[in-house]
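The values are calculated or read from the model by the stated rules, or taken from the named source; none is laboratory data. Because the structure is predicted, anything quoted here is derived from the model rather than measured. Every residue, glycine among them, receives a Cβ derived from its backbone with ideal geometry; neighbour counts consider all protein chains shown. Keep in mind that these areas ignore ligands, DNA and RNA; they rest on the heavy atoms of the full protein, side chains included. Shrake-Rupley method; radii C 1.70, N 1.55, O 1.52, S 1.80 Å.
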Amino acid sequence: MSQISAELSHLADLDELSGSAAASVLAVAGWSGERRNPTKSWATTWRRGDAHAWIQGDGPVAVEFTLWSREVEEEARADLDTSMDGLYAAAEAELTEVVAGLSSGEFGERLHATGDNVADVDDFIQYRAWRVADRELVAGVRQSDTDTPVMIAVVLREPAVRADGPEDDWL
């Protein structure tokens, strides 16, 4: 699995989390820009090894890393429930390793747990969230639809506003 603590640290330290600044951080860290949206001056999709990154948005952007992704094998579709249970268990075990990696070292010392007080996490099956340098960091297991893979995603973004109010009490 790709280590991304250095990238996250650099992204968190940016004065403004803009697309071009995020692209510069990824390029310096050895990520290859793959696809460019014609309306943007930076590559929006990136790859390093088996890991992918996406720069999403315009003003302040969100940077999402997909570190692990698995699908049910075709021959296992006959017993889809059991196969999905196995994928979820594998993803949760992998998430434990991702969280341990993010929480360790110098970058981990900068993280402040948010508990459940985080917005826009409905599409995560399981997640952990932190604040770092006034930004929100979410690592979790995600499956957007029953026909898509189960994945581990790590997202750095500006704080979202909760439906029940702002997140002033996170720290």
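Some observations on this one:
- To put it simply, the accessible area of segment 112-152 at a 1.4 Å probe is 40 percent carbon and sulfur.
- Charge tally in the Cβ shell below 12 Å around R110, where Lys, Arg are +1 and Asp, Glu are -1, R110 excluded: -2
- At q = 0.10, 0.17, 0.22 Å⁻¹, base-10 log of I(q)/I(0) for segment 15-153 (Debye sum, equal scatterers on each alpha carbon): -0.39, -1.07, -1.44
- Mean accessible surface per residue for segment 1-70, computed with a 1.4 Å probe while every protein chain stays in place, in Å²: 50 Å²
- Per-selection Rg to Rh, segment 105-152 - Cα, Kirkwood hydrodynamic radius: 1.05
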